[in-house]
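To keep things clear, I will list the structure first and then write my remarks on it.
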Amino acid sequence: MSSHSTGESVTVEPDNVRRFEQSARDLQSALPEDAFALVEGVEERLLAVAKRAPAQLVAPAMESLTSGGKRLRPLLMALSAGMGEPEPEALLQAATAIEVLHTATLIHDDIVDGAATRRGEPTTVAAYGRGVAIATGDCLFAECFSDLAGIGDPRLVRAFSEASEGLAAGELEQYRADSAFVDLEAYLEHIRKKTAGLFKAACVAGGSLGGLSIRQIDGLASYGQALGLAFQMSDDVMDLVGKPGLMGKGIGTDLIEGTVTLPVIVALQEGDTETIQRVLVTPDPGPELLEAGIEAVLATDAIEKTEAWARREIDAALEDLELLPEGPERNFLEAVAAEVVGRDI
């Protein structure tokens, strides 16, 4: 599904995004029983994946796989599959595989970004060094596709492979980008690959395992992509106004790393361009310069316009769900989408 152009801004309180992160696990109490059991099963399987790693990688694999997180991708897969009739063991294997893949990408992202912490804890690269971190990420990638091979469904391999290719390309584009001059289309293409790709893959894989029709799987694919885009845009807002550590990083981390996000792109067009660009191109900007950059962004309508765009993506996601059969799984997918931007449905 194509993204939508900016238009009239809608003010969305940052607390709505904050509430989504804080209540993600609380939402699980309202899950359909089968989906809840699958997410619990994924937690157990992740421990087994870590223990299968080579001896010197068991500790970093265990820490990275059990460090928390919303397990949103396995959840999306479980709910998508639950609208059909999936084979339980294949679904559990695939749901575990997508969380392992997600974790591997986080490890590699932290290596490229030189990140010191994630979710308030040292990253794998910070704790164990570059060599061990690379090996741990590679090991988890291998485990992911080993699980998929065991299922024997080429549709899943294709979905995961396309998502992995997009993740690699997206990270490389971010790494090569000239921070002060990234345009809107480049940003959107980046987050389609880096964030929305795995959301889409989770939904497509779930629908395939559930035996849904091609039209229904296409609807799930569009939902997953729109949800992923909105999720990333909300994360971008949290980087500027959120509570440090809540999204796994501190305030202004994107600016410090020279990463251009949607609110920054809007602010570059509307506000104190010189100050914002100076933060983006300065290696390790000090607290005063960083604060000036954040204030320059917040002095514009960038936050409101970013939240408005995220809401439009969510509206599109909810519309795509109308192709799916009514029931508790669809209701929960609607609730997940609504929680991303605090939208009442």
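Read-outs: derived from the displayed coordinates by stated rules, not from any lab. Model, not experiment: these values are computed from the prediction. Because the Cβ atoms are built from the backbone with ideal geometry, glycine has one as well, and the counts that use them run over all protein chains shown.
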- Extending each Cα 7 Å along its Cβ direction at residue 214 and residue 315, get the distance between those two points in nm, one decimal. 3.1 nm
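Below 8 Å, C-alpha to C-alpha, sequence gap of six or more: please give me the relative contact order for region 14-338 in percent.
The normalised contact order for region 14-338 reaches 20 percent.
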- Query: Where does each of 128, 223, 187 land when they are ranked from fewest to most other beta-carbon atoms within 10 angstrom?
  - Reply: 128, 187, 223
- Item | Cut-off 11 Å between beta-carbons: net charge of the residues surrounding residue 292, Lys and Arg +1, Asp and Glu -1 | -4
- Query: If you take the beta carbon distance between residue 298 and residue 168 as r and set R0 to 41 Å, what does 1/(1 + (r/R0)^6) give as a FRET efficiency, to the nearest 0.05?
  - Reply: 0.75
- Note on the structure: Per-residue Cβ contact counts at 10 Å, fewest first, order 80, 213, 208 as 213, 208, 80
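What is the sum of charges, Lys and Arg at +1 and Asp and Glu at -1, for the other residues whose Cβ falls under 15 Å from the Cβ of residue 129?
Counting the neighbours of residue 129, the net charge comes to -2.
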- Message: Taking amide H atoms as placed 1.01 Å from N in the peptide plane, list the residues 5 or more away in sequence, or in a different chain, whose amide H sits under 5 Å from that of residue 117.
- Response: 123
- Query: Put a dot 7 Å past each Cα toward the Cβ at residue 55 and residue 130; how far apart are the dots in nm?
  - Reply: 2.7 nm
- Lys pairs under 19 Å by Cα in region 14-338, provided they are eight or more residues apart or on distinct chains: 5
- Task: Over 26 Å, how big is the tail of the calculated P(r) for region 14-338, in percent of all Cα pairs?
- Result: 46 percent
- At 0.36 nm per residue, minus the direct Cα-Cα distance, what do residue 273 and residue 112 gain on full extension? Give it in nm, one decimal, please. 55.3 nm
- Query: Among residues other than residue 46 whose Cβ falls under 13 Å from its Cβ, what is the net charge (Lys/Arg +1, Asp/Glu -1)?
  - Reply: -2
- Likely footprinting exposure, 140, 46, fewest C-beta neighbours within 10 Å first: 46, 140
- Query: Along the Cα-to-C-beta direction of residue 185, a point sits 7 Å from the Cα; which residues of region 269-311 have their amide N less than 19 Å from that point?
  - Reply: 269
